[in-house]
1. When you scan the range 359-370, do you find a residue that is outside any helix (DSSP H, G or I), in contact with a strand residue (DSSP E or B) (Cβ under 7 Å, 6 or more places away or on another chain) and surrounded by 23 or more Cβ atoms within 10 Å (Cβ to Cβ), even just one?
2. Filter the range 128-141 down to the residues that are open to solvent by 10 Å² or more (accessible area, probe 1.4 Å) and more than 14 Å from Glu152 (Cα to Cα), then identify the one that is nearest to the ligand (Cβ to nearest atom).
3. Being away from the ligand (no atom under 16 Å from the Cβ), open to solvent by less than 10 Å² (accessible area, probe 1.4 Å) and farther than 18 Å from Gly125 by Cβ: is that true of Ala355 here?
4. Kindly indicate which of Asn31, Asn79, Asn71, Asn40 is out of contact with any Ser or Thr (no Cβ under 8 Å at 6 or more places or on another chain), among the polar types (S, T, N, Q) and within 16 Å of the ligand (Cβ to nearest atom).
5. Of the residues Val354, Val313, Val388, only one is within 22 Å of the chain's Cα centre (by Cα) and among the β-branched types (Val, Ile, Thr); which?
6. Among the helices (runs of 4 or more DSSP H) contained in the range 205-321, which hold 3 or more residues that are buried (at least 21 other Cβ atoms within 10 Å of the Cβ)?
7. From (1) open to solvent by less than 20 Å² (accessible area, probe 1.4 Å); (2) under 27 Å from Arg269 (Cβ atoms), pick out the condition that doesn't hold for Pro20.
8. Residue by residue through the range 1-29, note down the ones that are in a strand (DSSP E or B) and within 17 Å of Ile67 (Cβ to Cβ).
Amino acid sequence: MSTNINRLREIFQQRFHQAPEIGARAPGRVNIIGEHTDYNHGYVLPMAIEHDTAILGRTRPDAVLRIYAANLDRFAELNLEQRTRNAEEPWTDYIVGVADELFKLGRDVRGADMVVMGDVPVGCGLSSSAALEMAALVFFEQAGGFTLDDAEAARLGQRVENHFLGLSTGIMDQFISRCGKAGQALFLDCRSYEYRLTPINFDDALFVIANTACPRGLTASKYNERVAECGQAVTALQTQLGTGGAHLRDYSLDDLRNIQDTLDDIPFRRARHVITENERTLAAREAMGASDVQALGRLMDASDASLRVDYEVTSRELDVMTLIARQHPACFGARMTGAGFGGCTINLVQKDGVAAFQDFLLEHYQKETGITGETFVSSPAAGAAPVVP
Ligand code: GLA
């Protein structure tokens, strides 16, 4: 899987009656562990997946963007001088948001004709929006003849979400979409932006992604609510402990227990999830380095329990899916992945049991929920890059 560039070239030619001159692609991602930790300045361990978004196009002499979204069969014409959200064609917001942030940096943003196409499932927790943002950024970089540093590129994508789209998201999705490397997971410190690539080469296990096929409900408001609850916990920690640490990353489980009596139950549990998830992510990096799939699986299960009980971002369908997964003998561990509230799970599965696991999971999920899910296996893929148009 990954976007068919030949097909995209044909579509561009049909639409704009010329050959494209610039090409860009960027992948979606699956997070192995480290969920809802990024905006708390913690640790994450995602990998880029083979599903991606690609853009082919050519620059124009004016400030107009003409964009055709092949998956949606929608066309939009916009002026780069008026960079506002578009209620009728909301998919353009990700591209215009990137242009807007580039303008703020004083970069040379060119008008262009573009065709966009991708195969990252939308609304499933696999970061289709980050893939579109990062593909658009690589496109604008080539069109304007400049290159951003990788961390700066990821931060720009985060600002698109935070400022243009009003979501208080962290940096994980854009960072992995930009910096992913084939065959590797990426351990990222979301405070310093230092990262370490971690090869995924277990002899006997693979990651299986399973989609509940349930669109995420009210994700934006619930997500922002979780960010605010973490902020409440930090304020209480600062006040009670007299410290300056401005993020949950700065506190230990002992710190949290020491102020438990003064904190409401909800912010307490949100903070407990974040603090323990950071510990699990550090432990998972070690387990991956040692190819200890049993330990990694246990950490994934523990992460899922914490996301369900303390952070409350799972859904009935996600819980059914992970519960069924754990009943299969080939499964080392299973958890929801991404923001939650619907979307996908990630499962660590013994290689020779993968086919049987997928059948078992889909059959029982269908019986339990009446919904037809889907599963797929992706190798860890490369990050955003130009493609030959
Ligand atoms: C979404 C956000 C990320 C991260 C995850 C949860 O994918 O975009 O920044 O917070 O949710 O881990």
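The values are calculated or read from the model by the stated rules, or taken from the named source; none is laboratory data. Predicted, not measured: the structure shown is a model, and the values here were computed from it. Cβ: placed from backbone, ideal geometry, glycine included. Neighbour counts: every protein chain shown. The accessibility values were calculated without ligands, DNA or RNA, using every heavy atom of the protein model including side chains. Shrake-Rupley method; radii C 1.70, N 1.55, O 1.52, S 1.80 Å.
1. no
2. Looking at residues that are open to solvent by 10 Å² or more (accessible area, probe 1.4 Å) and more than 14 Å from Glu152 (Cα to Cα), I get Ser129.
3. No.
4. From the options Asn31, Asn79, Asn71, Asn40, the qualifying one is Asn40.
5. Result: Val313 is the single residue among Val354, Val313, Val388 that is within 22 Å of the chain's Cα centre (by Cα) and among the β-branched types (Val, Ile, Thr).
6. The qualifying helices (runs of 4 or more DSSP H) are 219-241, 265-289, 293-309.
7. Answer for Pro20: the failing condition is (2).
8. Listed by number, the residues that qualify are Ile22, Gly23, Ala24, Arg25, Ala26.
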